[in-house]
1. (1) 7, 30, 38, 21, 4, 0; (2) 7, 28, 34, 24, 6, 0; (3) 8, 27, 28, 21, 12, 4, 0: which one is P(r) over Cα pairs in 10 Å bins from 0, in percent as calculated from this entry?
2. Roughly speaking, what is the centre-to-centre gap between region 48-80 and region 1-29 when only Cα atoms are used, to the nearest Å?
3. Mind sorting 138, 156, 151 by how few other Cβ atoms lie within 10 Å of their own Cβ, fewest first?
4. For a quick check: sort 198, 91 by the number of other beta carbons within 10 angstrom, fewest at the front.
5. How do 106, 100, 7 rank when sorted from fewest to most other Cβ atoms within 10 Å of their own Cβ?
6. Give the long-range amide H neighbours of residue 156: residues separated by 5 or more places, or on another chain, with amide H under 5 Å away, using H modelled in the peptide plane at 1.01 Å from N.
7. In the chain, what percentage of the DSSP-assigned beta bridges are antiparallel, given to the nearest 5?
8. Output the lone cysteines of the chain: those with no second cysteine's C-beta under 4.7 Å from their C-beta.
Amino acid sequence: MDRLFERVGGLIAEGVHNLNFVTPDHFWPHVEQLVRRLRADGCSIPFLYNGSGYQRPDLIERYAESFELFLPDFKFLDASFAELCMGDPAYGDIALEAIRRMVECRGFLRPFDESGFITAQEGVLVRHLVMPGHANESCAILKLLHREFGSGLPLSVMSQFTPVPECTRRNSLNRRLCPEEYRQVVACVEGLGFEHVYLQEGFGDDDFLPDFKEAEPFEGNRRNPVP
């Protein structure tokens with residue numbers, strides 16, 4: 001923990017705008033301890049909980065005691081699709097309740113004020129990755145989010161899905177998203193009247209797909225080796 005605290009302190013000293021904890025659920029006791037120690041040491045930048053949406057709703061209030069920003073995914077709504085992709089048909093219900101509680105605790109992310117875009121300090125932004133062959137599923141998710149939270153909910157609607165070898169073995173989701181599919185979902189976003197939406201122009205992104213056959217598959221590790 002001391003070594004982690006020192007390394008995170010180095011990032012803060014470099015002037016980062018926030019600390020982004022990506023899928024930290026399985027390290028939660030350690031993350032909570034780290035965050036408390038950073039706050040006690042005088043750190044005032046926002047902490048960001050970057051998760052899958054598959055969070056225990058009863059823990060959200062506790063998370064919000066440590067985190068100002070939440071970036072949850074809303075991946076699936078259809079139970080059979082959720083079971084196929086992650087083995088739990090209840091994902092949609094769990095994610096929706098978790099997001100409800102995040103919004104109750106921290107409100108919507110505010111990406112700008114009267115002067116223009118600002119560095120976010122607090123709030124929730126929901127991300128959704130459009131999957132090939134499932135544009136209608138994406139539209140159903142957007143309609144649900146609109147019913148629950150209204151047009152002011154900030155969204156990130158992503159097009160970057162990239163198939164991996166397991167997709168080929170399963171003969172499922174074994175292609176990238178078509179521009180026409182993404183345009184269908186964007187039209188749904190516009191038709192529902194969402195006010196704050198980040199869209200993605202590219203289709204497929206190999207930068208985040210490491211080659212685990214390499215001894216050091218992550219490029220960042222090669223540039224900054226851990227002593």
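All of the numbers you see were taken from the coordinates with simple rules; none came from a lab. Just so it is clear, the structure is predicted and the values come from calculations on it, not from any experiment. Here Cβ is always computed from backbone atoms with ideal geometry, including for glycine, and neighbour counts include all displayed protein chains.
1. Read-out taken from this structure: (2).
2. 18 Å
3. The most exposed by this proxy come first: 151, 156, 138.
4. On the way: 198 12, 91 24.
Sorted ascending by nearby Cβ count, the order is 198, 91.
5. Lowest count first: 7, 100, 106.
6. Result for residue 156 returns 126, 127, 128, 198.
7. Close to 10 percent.
8. Lone cysteines by the Cβ rule: 43, 85, 105, 167, 178.
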